[in-house]
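Please treat every number below as a calculation from the coordinates, not as lab data. Predicted model, so just to flag it, every value in this text is computed and none were measured. Cβ coordinates were reconstructed from backbone atoms using ideal geometry, including for glycine residues, and neighbour counts include every protein chain displayed.
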Amino acid sequence: MTIPWQAYEGAARSVLQQIGSVLGIGSVEGKQTLDGKSGTQWEIDAKAIQENGEKFLVVEVRRYTTSSLKQEDVAALAFRIGDVGAVGGVVVSPLPLQRGAELVAKSVGIEHVRLSADSTATDYLAEYMGRRFIGVSVVESANLSDSCDAVVVRGSGNDA
């Protein structure tokens, strides 16, 4: 099943809202345009408000399925973060970051959340800092082998 990038963006926003406490996020707002200190305007995929409500993170969603985000991609996000006055950022993508992108992200406070390319708002597999988060809309039973740590997050079912 192929999920269009617009649906993936919606799924990413929903998943970030559901696992937000792990990232220090209180709420997630949708796509919007922010004014930059440079005099330009920036369209961002989402705006994550920190739990205390005073500061925000810029969210960039990239559903690249054949190549990882590059150093230049993350550096461009870093500039946008500074220009709009955010305290950091979150990049959501299905593949790991390239090494240069990882280094840039760590140096400027950008977190990376891996979200499988076929994720929806209710059915997803996400990974952040070695923790996996699984969303399922309906499960009658589940069989797991070996060992597994799981966090079950129940949404209202109205998330888009």
Full-stretch length increase - residue 123, residue 5 - with 0.36 nm per residue and alpha-carbon distance subtracted: 40.9 nm
Among beta bridges that DSSP assigns inside the range 1-137, antiparallel share in %, nearest 5: 65
Assigned charges on the beta-carbon of Lys, Arg, Asp, Glu; the range 1-97 dipole about Cα centre (debye): 140
C-alpha center-to-center spacing [the range 36-57, the range 87-108] in angstrom: 17
FRET efficiency, residue 38 to residue 106 (Cβ-Cβ, R0 30 Å, nearest 0.05): 0.80
Summed residue charge, Cβ within 14 Å of residue 35's Cβ, Lys/Arg positive, Asp/Glu negative: +1
Cβ-derived FRET efficiency at R0 30 Å, residue 138 paired with residue 64, nearest 0.05: 0.50
Qualifying chymotrypsin sites (Phe, Trp or Tyr not before Pro) in the range 46-123, DSSP loop, other Cβ atoms within 10 Å at most 15: 64
